[in-house]
Amino acid sequence: MKKLVALVAALSAVFAFADTYPSKTISIVVPFAAGGPTDRVARDLAEAMRKPLGDVTIVVDNVLGAGSSIGSNRVAKAAPDGYTILLNHIAMATMPNLLRNMPFKVDTDFEYLGMINEVPMTVIARPTMPAKNFKEFRDWLNANKGKINLGNAGIGSASHLCGLMFQNALQIDMTAIPYKGTAPAMVDLMGGQIDLMCDQTTNTTAQIEAKKVIAYGVTTSKRLTTPALKDLPTLQEDGLKGFDVSIWHGLYAPKGTPADVVAKINRALKLALKDPDFIKKQEALGAVIINDKRVEPAEHKKFVAAEIAKWSPVIAAAKEYID
Ligand code: ASP
């Protein structure tokens, strides 16, 4: 009888908890610098999820470093109560392939909450780069072997993956300059301290339009429809066979977060993805909102596992360019 009473008490505590969720500020951990492309997705999403979660306050907490593993680990180890969640991108699939000592496990340390969007990348260079088009840029890279500085957001980041693929496709070794996100890398690129980087259009569109950097190509297999970027050739058109990188984003909670809480966050995410304001802001930056079964936690999880397998041979093929 005592056991039964204890069980009923425990169960009602769980249900009461889910019933009242959320009752305090939710923190979305972004594992890259503020003002960068991942941060941009998170801030727009936080705004769109606020109402569906009953007008709760949602803050974005930038926990930086080590190609997003520090922030991701923070969430993996956080209380599983739905108040600390992670927004990360393709790094969830590249980190396991690139980091030697992963402090957490992508498949078992998280509850998957659903995917958000896909964002193409652009290859951009400092404004003083003398090349007028991709061919001239390639010639410049070939002529400057050994002196080229390539910015990225740390090992395992999207810009790191894209940079590896770019070096491997051109067979040109470049010096990787890691930052805690591509927001600070962009500042140095605009200032001419580094020569080039790959970065998501959520960060590069405005700078390309303002001619603060020069864009030489888009990393997806198809040209973009975003007005500011529609004339940009794909890297495939430029002769880089099979080059196709698009950066997806998803939400994660610590393993053990109650199922009802996971369902509430997932429902709010799905409503946010239909919010015309969110769609408009993200599409203007080249993002494509997920509109398929990958918004469901189980499908999100399957997709990430498939991406880990997909990128493993690509990264292995480019291993000589990993600094
Ligand atoms: N663009 C960064 C990356 O390469 C992410 C960021 O700075 O938000 O992964």
Query - Selection within region 215-227 - open to solvent by 10 Å² or more (accessible area, probe 1.4 Å) and either without any contact (Cβ under 8 Å) to a residue 40 or more places away in the chain or part of a strand (DSSP E or B) (or both) - result: Ala215, Ser221, Lys222, Arg223, Thr225, Pro227
Report summary line: Residue hits (region 113-143; acidic (Asp, Glu) and either within 16 Å of the ligand (Cβ to nearest atom) or in contact with a His (Cβ under 8 Å, 6 or more places away or on another chain) (or both)) are Glu118
Report task. Would you check which residues across region 37-82 are under 27 Å from Ile279 (Cβ atoms) and assigned to a loop (DSSP other than H, G, I, E, B) and list them? Result -> Gly54, Asp55, Val56, Thr57, Gly82
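Filtering region 267-282 down to residues that are touching a residue at least 60 places away in the same chain (Cβ under 8 Å) and surrounded by fewer than 20 Cβ atoms within 10 Å (Cβ to Cβ), which residue is farthest from the ligand (Cβ to nearest atom)?
Of everything passing the filter in region 267-282, Arg267 is farthest from the ligand (Cβ to nearest atom).
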Query - Residue satisfying condition, being at pLDDT 95 or above and over 30 Å from Leu273 (Cβ atoms), within set Asn142, Asn88 - result: Asn142
Report task. Those residues that are assigned to a strand (DSSP E or B) and of a type in the set (A, V, I, L, M), I need them from region 83-120; list them, please. Result -> Ile85, Leu86, Leu87, Leu113, Met115, Ile116, Val119
Report summary line: Taking region 304-316 and keeping residues closer than 29 Å to Ile208 by Cβ and open to solvent by 20 Å² or more (accessible area, probe 1.4 Å) leaves Lys310, Val314
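Going by the conditions given, is Pro31 surrounded by 18 or more Cβ atoms within 10 Å (Cβ to Cβ) and either away from the ligand (no atom under 16 Å from the Cβ) or more than 22 Å from Arg267 (Cα to Cα) (or both)?
So Pro31 passes the test.
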Query raised in the report: When only residues in region 125-141 that are without any contact (Cβ under 8 Å) to a residue 40 or more places away in the chain and in contact with a Pro (Cβ under 8 Å, 6 or more places away or on another chain) count, which is least open to solvent (accessible area, probe 1.4 Å)?
Result: Trp140
Requested in this report: Output yes when any residue across region 112-126 is out of contact with any Phe, Trp or Tyr (no Cβ under 8 Å at 6 or more places or on another chain) and more than 30 Å from Pro233 (Cα to Cα), and no when none is.
Outcome: yes
Query - Residue count, region 68-85 (criterion: in contact with a Pro (Cβ under 7 Å, 6 or more places away or on another chain), open to solvent by less than 10 Å² (accessible area, probe 1.4 Å) and not small (Gly, Ala, Ser)) - result: 1
Query raised in the report: Quick check: is even one residue across region 283-298 closer than 26 Å to Ile155 by Cα, open to solvent by less than 20 Å² (accessible area, probe 1.4 Å) and in a helix (DSSP H, G or I)?
Result: no
Requested in this report: For region 144-188, name all the residues that are more than 12 Å from the ligand (Cβ to nearest atom) and open to solvent by less than 10 Å² (accessible area, probe 1.4 Å).
Outcome: Ile148, Phe166, Gln167, Ile172, Met174
Query raised in the report: Any idea which residue in region 103-112 is farthest from the ligand (Cβ to nearest atom), counting only those that are open to solvent by 10 Å² or more (accessible area, probe 1.4 Å) and within 27 Å of Phe278 (Cβ to Cβ)?
Result: Glu111
**Report entry** Lone qualifier among Lys212, Lys230, Lys241 - being open to solvent by 50 Å² or more (accessible area, probe 1.4 Å), away from the ligand (no atom under 14 Å from the Cβ), out of contact with any strand residue (DSSP E or B) (no Cβ under 9 Å at 6 or more places or on another chain) and under 22 Å from Gly35 (Cβ atoms)
**Finding:** Lys212
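The values are calculated or read from the model by the stated rules, or taken from the named source; none is laboratory data. As the structure is a computational prediction, the values presented were derived from the model and not from experiment. FYI the Cβ positions are ideal-geometry reconstructions off the backbone, even for glycines, and counts take in every protein chain you see. Each accessible area value is taken on the protein alone, full model and side chains, heavy atoms only, with ligands, DNA and RNA left out. Shrake-Rupley method; radii C 1.70, N 1.55, O 1.52, S 1.80 Å.
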